[in-house]
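J.: Here you go, one structure.
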Amino acid sequence: MPSLWKGDTTNIEQILDTIILSKHFILIFCNYHKDTFGVRQGFAPATFELEAKKSISDLSDDELKGKKVLVRCDVNVPLDGKKITDDTRIRSSIPTIEYLKSKGAIVTVCSHLGRPKDGPEDKFSLGPCAERMSELLDQTVTLAPDCIGEEVAKIVGDAKEGDVIMLENTRFYKEETKNEPEFVEKLAAPFDLFVNDAFGTAHRAHASTEGVTKFLSPAVSGFLLAKELEYLDGAVSNGATPMAAIVGGSKVSSKITVLDALLDKCDKIIIGGGMVFTFLKAKGLNVGTSLVEDDFVETAKEVMAKAEKLGKEILLPSDIVVADSFSPDAETQIVAADAIPDGWMGLDNGPDTTKEQKEALSDCKTVIMNGPMGVFEFEKFNKGTFGIVDILADLTKENGAITIIGGGDSVAACEQSGRAGEMSHISTGGGASLEL
Ligand code: AMP
């Protein structure tokens, strides 16, 4: 597998070239699916499981041409009213859609958006997402008024090869998260096959992520899902131990797939960045105004429970740099992780944490880093990230450890700190950082 990707990911052919589904990768992906779908669901037939591990690049042209493909994307973007404030998730979903179109498929995207409480709510309509996707694809993306029913069936039935349709928010039905078979059957009805490219929600057994795979075959993963795990291939399958993973960045939701896969493979997991606070909250601690994903508190608990069961170490920061606002010149103080004051937000690791990380990593032979330790874009909050970058560069130089950096922000942090060249491998393949 290529260890240093310098390619421009705007080009679909290049993306395809870099997706090498080696035996090892399939193994990692198998484990991931076994844990998330197979074991928990129990009833998933073995033949389905095999199919679910395939990527769309494994499908022949005949399997795609003229076929009605349901693609589960994660276009759950932040909105200010009807205005999308960050379209990364929509942009990240484009390569899979472009590929399917290029093969003559009829593409229908489904996704959730926000947390509608009881039925349809205009503020959670996927209208703005369909509009943005139209701009990115340079063609009309038809928004269906629902995600199930006759009207949807007619729109999909009338569509031509290369057309793109977006279904309305799947969470307008409570049956979506409950994965209710009757709803699942209706959702799957108009389609021939299923592609899961919902990076942030792929681990959840909802109707549109897991349920439909029981009705649609083949059911395969899209590029975004495959790509995020691909660069870990050689390292985690063949890497020398002890092996550690450093997982940072803003959110648990966007890193859960990586976390889940790494937990199986690594001896130690260091957690940093914004996701720390969802974990601290899961431990019952006060997190002030820090970034927290309330709907991932349970996930954080599951990750910690799994680590305990597997006897793996999860290292959370012991001290935190907190700020009175999210700004480059905010007032700051360093506090213990279990003493974050009300009204303050955690934006970086404290110095003790960096020391503990150095100690924890000192015997590691392979270290994978995905995501920064804090808001390194602001000088006041870059020490945790640059500190760990220094630790990794030193480990590579002095101990001959293999260090692998994945994800655009971590790569940027290494470059900014001037130590990118000292790492063993730099991968720009992180799905969340896919540049389109
Ligand atoms: P991701 O795209 O998930 O890898 O997240 C990268 C982003 O996470 C960077 O832009 C960081 O500024 C941001 N980030 C890191 N730590 C925090 C934090 N404690 N609170 C908010 N954002 C953070």
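Just so you know, all these numbers are worked out from the coordinates, no wet-lab data involved. It should be emphasised that the depicted structure is a prediction, and the values quoted were computed from it without experimental measurement. Positions of Cβ are backbone-derived with ideal geometry, glycine not excepted, and every protein chain shown enters the neighbour counts.
J.: Normalising by the residue count of segment 249-343, find the relative contact order in percent from Cα pairs under 8 Å and 6+ residues apart.
T.: In percent, rounded to a whole number, it is 29.
J.: Also, quick follow-up: Taking neighbour counts of Cβ atoms within 10 Å as a proxy for exposure, in what order, fewest first, do ILE271, ILE320 appear?
T.: ILE271, ILE320
J.: If Rh is defined by the Kirkwood formula over all Cα pairs and Rg also comes from Cα, what ratio Rg/Rh do you get for segment 231-431?
T.: Values: Rg = 15.6 Å, Rh = 16.5 Å.
Result: Rg/Rh = 0.94.
J.: Compare the Cα positions of ASN349, VAL321, CYS364 along the charge dipole of segment 317-406 (+1 at Cβ of Lys, Arg; -1 at Cβ of Asp, Glu; about the Cα centre) and return the one farthest towards the positive end.
T.: So the residue furthest toward the plus end is CYS364.
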